[in-house]
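**Q** I have a structure here, written as structure tokens, and I will follow up with some questions on it.
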Amino acid sequence: MAADPRASEQAGLAGDRLGLAIGLASPVFLAFVPILIALGFEGGVAVIPLVTARTAFAALAAWTLVAGSGRLRRPFELDPPLLAAAFAGLTIAPLAGFLAIEELGPTVYAAVFFLHVPLLALTVPLLHGAAPRPASVVTACTCVLGVALVSGLPSSPGVVTGLGLAAALLNAVAFVAMALILHRRGGTFDAMRFNAEAMTLALGVFLVIYVVAYADEPLTGHAILISALVAVVAWLPGRLLWTLSVQRLGARAAGTLTSLQPMLVAILGAILLNDALGTSQWTGIAVICGSVAAAQRFDETVAEREV
């Protein structure tokens, strides 16, 4: 039976323990994406070649999963709404995200991208003709403060370039557009098939740009290895789990759980990129964890009152 988006939104984090586990697993995988991409930029590799290689590996892995699960016999999932979601979330958002990571670094990129959480808190209730919950908006804004502390923005505003900031904001807006469309569709589409087809669409776009503008910039062995790791180990499983969490929990609850991603990026950056964490970063991590816990508790209280 298809999931009702309105019911998913009302239940939120309290309505589905398996959905909660899936939603918590998604940012763990996705946190590795900006870190590995930052490593891939070593050696001066351009954005388009790197994003093209990553998408190619992800599409190949996704179709392998589709074939192994017997979903090849299903009709194509990309009707016009899902086509729009695919283009926004797996073509525009990744391209903008790669550019933002190159300009800002992984930690600041993750902080700016987190703006999708308050955007979802404001827009998802509007899909159902309701006003945003004040507590949800306050929680989201508190998370934004935590992310700003994690990124070190108050102490180093000069790290934010105009191009990088614009790219990170575009990434967040495109991500929200995809989340809202998938939220409206609920459980009426195959998450695995959708991701495989969407990644293939994105690959076609990136290949055209690559051939036209970057044909004389071949990928190095290092960049190919990083692209494969990003695609198979981080991006594909993280994106598939995120899609499933939207189906089970609704876009706002799934978006709240992705607020863990900037915290994880900061920790991984300290371990893998030797970016030391200071007092503000650890304070931001505590604020993010507290905000997510408060959001979960608020949703559980609301769900109990509505029973």
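The values are calculated or read from the model by the stated rules, or taken from the named source; none is laboratory data. Computed from a prediction, not measured in an experiment: that's the story for all the values here. Please note: Cβ atoms are built from the backbone with ideal geometry, for glycine as well, and neighbour counts cover all protein chains shown.
**Q** Looking only at residues in the range 170-185 that are touching a His at 6+ places or on another chain (Cβ under 9 Å) and of a type in the set (A, V, I, L, M), which one is nearest to residue 101 (Cα to Cα)?
**A** Within the range 170-185, the match that is nearest to residue 101 (Cα to Cα) is 172.
**Q** Could you please give the count of residues in the range 249-263 that are basic (Lys, Arg) and surrounded by fewer than 24 Cβ atoms within 10 Å (Cβ to Cβ)?
**A** Number of matching residues: 0.
Residue-by-condition table, conditions (1) modelled with pLDDT of 75 or more; (2) in a helix (DSSP H, G or I):
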| site | (1), (2) |
| --- | --- |
| 147 | no, yes |
| 168 | yes, yes |
| 177 | yes, yes |
| 181 | yes, yes |
| 184 | yes, yes |
| 189 | yes, no |
| 194 | yes, yes |
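**Q** Need at least 1 residues that are surrounded by fewer than 24 Cβ atoms within 10 Å (Cβ to Cβ) per element, so show me which helices (runs of 4 or more DSSP H) inside the range 58-119 make the cut, counting only ones lying wholly within it.
**A** 80-87, 93-104
**Q** Have a look at 291, 280 and point out the one that is of a type in the set (Ser, Thr, Tyr), more than 18 Å from residue 119 (Cβ to Cβ) and either at pLDDT 70 or above or in a helix (DSSP H, G or I) (or both).
**A** Being of a type in the set (Ser, Thr, Tyr), more than 18 Å from residue 119 (Cβ to Cβ) and either at pLDDT 70 or above or in a helix (DSSP H, G or I) (or both) holds for just one of 291, 280, which is 280.
**Q** In this structure, is residue 226 closer than 22 Å to residue 38 by Cα and out of contact with any helix residue (DSSP H, G or I) (no Cβ under 8 Å at 6 or more places or on another chain)?
**A** Criteria not met by residue 226.
**Q** Take residue 20 and tell me if it is among the aliphatic types (A, V, I, L, M), assigned to a helix (DSSP H, G or I), buried (at least 23 other Cβ atoms within 10 Å of the Cβ) and at pLDDT below 90.
**A** no
**Q** Please go through the range 220-248 and give me each residue that is surrounded by fewer than 20 Cβ atoms within 10 Å (Cβ to Cβ) and among the hydrophobic types (A, V, I, L, M, F, W, C), ordered by number.
**A** Scanning the range 220-248 gives 224, 225, 228, 229, 232, 233.
**Q** Going by what's in this entry, would residue 252 be described as assigned to a helix (DSSP H, G or I), under 27 Å from residue 182 (Cα atoms) and at pLDDT below 80?
**A** The answer is yes for residue 252.
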